[in-house]
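Data block below; observations after.
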Amino acid sequence: MRILLIASSYNSLTQRVRAELRDRGHTVPVEITPDTPAVREAVGRHRPDLVVAPLLRAVVPKDVWTAYHCLIVHPGPVGDRGPSSLDWAVQEGAGEWGVTVLQADEEMDAGDVWATAAFHLPETGKSDLYRNELADAAVAAVHLAVERVAAGEAPVPQTGPAGTRPPCRQENRRIVWEEDTTERVVRTLRAADSQPGVRDRLLGGEWFLHGGHPEDVLRGRPGELLATRAGAVCRATADGAVWIPEIRARTAPGEARACKLPAALALAGRLPLLPEVPAPPPVPGVRTWSDIRYREQGPVGVLSFTFPGGAMSTAHCRRLLDAWRTACTRPTSVLVLGGQRDFFSNGIHLNVIEAAADPAAESWANINAMNDLVEAVVGTTDRLVVSAIGGNAAAGGVMLALAADEVWCRSGSVLNPHYRRMGLYGSEYWTYTLPRKVGADMAVRLTDEARPVSAAAALGMGLADRVVDCAPGAFTAEVTRLAARLASHPAARTRIAAKKAEYERREARTPLASYREQELSRMRRTFCDPEAPYHALRRAFARKEAPRAGSPDGPGAGATAPADC
Ligand code: COA
């Protein structure tokens with residue numbers, strides 16, 4: 001079928017639905033449609049067999065939904081209505097949730113039901129849930145709905161109780177630090193983690209707080225800042241404390257939107273002298289937060305990391321490189337990089353770069369720090385290295401994964417192995433790793449077309465070596481089990497020896513440094529040219545300027561523009 005996707009932004013779910021429908025042989029153009037006229041124009045131009053809206057804030061007009069089957073993905077179970085479904089579910093601690101594919105109708109979310117799927121809500125942030133459990137359920141429901149449309153079936157009218165819930169506004173998200181428990185504060189922060197954040201006053205300013213993790217040991221006067229760790233700040237609640245990883249300054253109407261930044265960086269200049277408290281070794285039942293963790297199980301080491309939005313600043317890269325070097329001193333034969341749920345990496349930290357006094361210099365520092373990390377991974381020749389991608393990865397984040405001997409993806413992962421949308425040539429040794437994995441022709445196609453690739457398609461083209469078919473919450477355990485099997489394989493020792501010999505042969509022929517030099521000379525030119533599209537594209541991305549209507553298959557599309565509500 002020719003299935004047109006219409007969306008408010010080219011977000012993760014839209015990309016995944018597109019990639020997986022294409023895997024099933026459908027033709028799937030995408031149009032960004034910020035408003036009703038754009039919806040009408042896009043549908044009229046494509047004249048598709050079916051319209052699917054994975055994420056749409058605009059209203060589909062009657063003349064469109066009477067002429068075409070229009071399927072709307074609603075992030076809530078049947079009967080749930082309103083624009084903040086997932087926010088309410090997380091904030092209220094719902095254990096089970098659902099996603100429904102509805103026929104577009106006169107009234108929002110009230111159309112007939114084409115398909116629905118239920119899922120369990122783990123204790124994590126809204127955006128992680130959206131990209132993982134919800135995306136798994138949504139894709140399953142979309143496939144079912146498409147099959148039903150193709151079979152000429154009819155949707156089922158909504159019966160039973162239905163209730164439109166109002167939008168979740170800042171007054172619903174308010175934290176009263178003197179009264180609210182850690183559980184309540186964490187739920188409130190997680191329900192707003194990506195957008196819109198929780199508006200709050202702190203150190204004489206107004207901010208949006210993004211994301212939250214419980215802390216069971218540190219204590220202080222409620223509301224007080226207690227410590228920093230890896231760029232996050234720890235703040236006391238009524239009965240404990242929470243770690244807040246990211247903060248965004250509230251700007252006045254008409255002013256450019258501030259970038260969401262690592263909390264300590266956003267508060268720099270105002271932050272009192274606080275202890276930098278390193279993450280203690282994990283103790284069962286005692287909660288704290290750390291963005292980098294290492295654990296070992298027999299011959300397997302797992303170095304997991306989780307950076308908000310998958311963005312890796314110069315500081316993130318350097319800390320991860322230090323942790324990598326330490327992990328390499330351990331007597332393991334398989335070292336797993338990643339292996340946690342959600343984003344693997346989305347490359348250099350565009351927000352930190354955008355907020356820097358000299359973005360060109362920070363871009364340069366960041367890409368060099370990424371390259372140092374990738375170089376260390378490629379150069380690890382005394383053990384097998386596996387990159388385990390539990391969620392999505394893009395740009396330099398995909399290339400980081402390719403530095404390993406094997407790349408394993410969870411079945412729901414979406415990979416974007418290209419830099420074109422940010423106007424960059426790219427680095428992270430991609431000119432060495434990508435053609436080696438997929439062949440020269442496919443490398444050119446992937447980087448030119450800049451399309452999202454599903455885990456199954458990645459396996460098919462050799463970009464990934466294994467698809468781990470499991471729920472998001474089971475990925476870490478499953479990867480550890482598979483890594484143990486790899487370590488105990490009789491051929492493991494021979495593989496390590498062959499890998500070392502191959503590395504030395506290649507270094508003698510074309511040293512890795514020459515790939516880096518060539519890539520960085522292109523990157524430097526872009527960074528140092530104020531007219532290069534990269535600077536405007538980065539600004540639009542980091543400051544979330546409104547997306548333009550049209551196809552996202554060009555550079556720079558895909559930024560979202562939520563209001564400071
Ligand atoms: N730097 C800073 N922030 C980043 C980032 C990066 N490299 N990549 C993602 N993020 C942020 C997003 O701004 C978003 O923030 P929000 O929660 O405040 O909305 C969050 O991470 C999640 O990203 P989002 O774009 O909503 O996720 P998605 O799954 O819909 O799309 C990508 C994923 C990777 C396609 C998209 O984020 C992207 O294009 N990122 C930039 C990749 C890149 O060009 N990197 C630099 C070159 S190495």
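The values are calculated or read from the model by the stated rules, or taken from the named source; none is laboratory data. None of the values given here were measured: they were computed from a predicted structure. Don't worry about glycine lacking a Cβ; one is built from the backbone with ideal geometry, like all the others, and counts go over all protein chains shown. When the accessible area is computed, the model is the full protein with side chains, heavy atoms only, and any ligands, DNA or RNA have been set aside. Shrake-Rupley method; radii C 1.70, N 1.55, O 1.52, S 1.80 Å.
Annotations
- Residue in the range 379-393 that is nearest to the ligand (Cβ to nearest atom), counting only those that are over 14 Å from Leu434 (Cβ atoms) and among the hydroxyl-bearing types (Ser, Thr, Tyr): Thr380
- Single residue of the range 254-268 satisfying the filter (over 15 Å from Asp200 (Cβ atoms) and touching a residue at least 24 places away in the same chain (Cβ under 8 Å)) that is most open to solvent (accessible area, probe 1.4 Å): Leu265
- Screening Val60, Val52, Val64, Val43 for residues that are within 27 Å of the chain's Cα centre (by Cα) and either of a type in the set (Val, Ile, Thr) or over 27 Å from Gly212 (Cβ atoms) (or both) leaves exactly one candidate, Val52.
- Spans of helices (runs of 4 or more DSSP H) in the range 34-127 with at least 1 residues open to solvent by 30 Å² or more (accessible area, probe 1.4 Å): 36-46, 62-67
- Residue within the range 142-160 that is open to solvent by less than 40 Å² (accessible area, probe 1.4 Å), in contact with a Pro (Cβ under 6 Å, 6 or more places away or on another chain) and farther than 28 Å from Gly309 by Cβ present: no
- Flag for Gly397 being in a loop (DSSP other than H, G, I, E, B), assigned by TED's automatic domain parsing to the domain that holds Pro299, among the small types (Gly, Ala, Ser) and within 18 Å of Phe475 (Cβ to Cβ): no
- Within the range 320-354, considering residues that are open to solvent by 40 Å² or more (accessible area, probe 1.4 Å) and in contact with a strand residue (DSSP E or B) (Cβ under 6 Å, 6 or more places away or on another chain), the one nearest to the ligand (Cβ to nearest atom): Asn346
- Segments classed as helices (runs of 4 or more DSSP H), wholly inside the range 128-247, with at least 1 members that are away from the ligand (no atom under 16 Å from the Cβ) and closer than 25 Å to Ala393 by Cβ: 133-150
- Taken together, the criteria place Gly396 among residues that are within 12 Å of the ligand (Cβ to nearest atom) and among the small types (Gly, Ala, Ser).
- Residue among Gly301, Gly310 that is within 14 Å of the ligand (Cβ to nearest atom), within 27 Å of Leu486 (Cβ to Cβ) and crowded, with 16+ Cβ neighbours inside 10 Å: Gly310
- Residue in the range 397-415 that is over 14 Å from Leu463 (Cα atoms) and open to solvent by 10 Å² or more (accessible area, probe 1.4 Å) present: no
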